[in-house]
Amino acid sequence: MESTNTGQVVSVELPVAHRYLSFLVSIMWLLGGLRYIFFPINIHDPADRSGYIILGVAYIFSGFIHFWQALAKHRLSVSPEELTFERRAMGLHETKRYRLSEISNLRVDKRRIFTGRPWVAADYKGKRKFIGMQLISPVPQGLLDPIYARFPHIAPDLGTHSSLR
């Protein structure tokens, strides 16, 4: 876990869970795509062959996305104007921005559907929004404390039962 504080912006690197699973899934998709492109089974019609090539390219693209997610660094940054979630790897990045005036109760919370594991959550426009990807369990103590120290108005309300603090 790494955090930086550059005056106006506080940034925390998020410890993402199950990177190895994304890596294994990416290998599965990549091998599946290569199989469809180079080893078609009983294909004699060129139209069928082109369909398999298109399917193989889609598999390879999906494998690349999973591989990128396995390698990506996930960072949550807060400035006086906005909260930013960023993923970076291999020269590519994805950024999601939220106006800080619309964010409250930033916390680590459990996503109850499917996993029940910790995620970063916030109340965004009055509704709970999960930000980023699933975190490792147990969550490092004080993960979001550097953000709370600089921006106390987005810290969880006392007595919030869903916070894992």
With Cα springs under 10 Å, the Gaussian network model of the chain assigns the largest mean-square fluctuation among Met90, Met28, Met133 to Met90
Summing -39500 (n - 2.57) over every DSSP H run of at least 4 in the chain, dividing by its residue total and rounding to the nearest 500, the 222 nm mean residue ellipticity is -10500 deg cm²/dmol
Springs between alpha-carbon atoms under 10 Å, Gaussian network over the chain: tell me which of Pro138, Pro146, Pro118 tops the mean-square fluctuations. Pro138
Comparing Glu94, Glu82, Glu13, which has the greatest mean-square fluctuation in the GNM of the chain with Cα pairs linked when under 10 Å apart? Glu94
Taking the alpha-carbon set of the chain, what are its Rg and Dmax in Å? 20.2, 68
Using only Cα atoms, tell me the angle between helix 46-71 and the longest principal axis of the chain; keep it within 0 to 90° and round to the nearest 10. 30
Could you line up His66, His44 from fewest to most neighbouring Cβ atoms inside 10 Å? His44, His66
The chain - charge dipole about Cα centre, Lys and Arg +1 at Cβ, Asp and Glu -1, debye rounded to 20: 300
Residues Ser79, Ser22, sorted so that the one with the fewest Cβ neighbours within 10 Å comes first: Ser79, Ser22
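FYI, it's all coordinate maths here, none of it is from the lab. Here the structure is a predicted model, which is why all the values come from computation and not from measurement. FYI the Cβ positions are ideal-geometry reconstructions off the backbone, even for glycines, and counts take in every protein chain you see.
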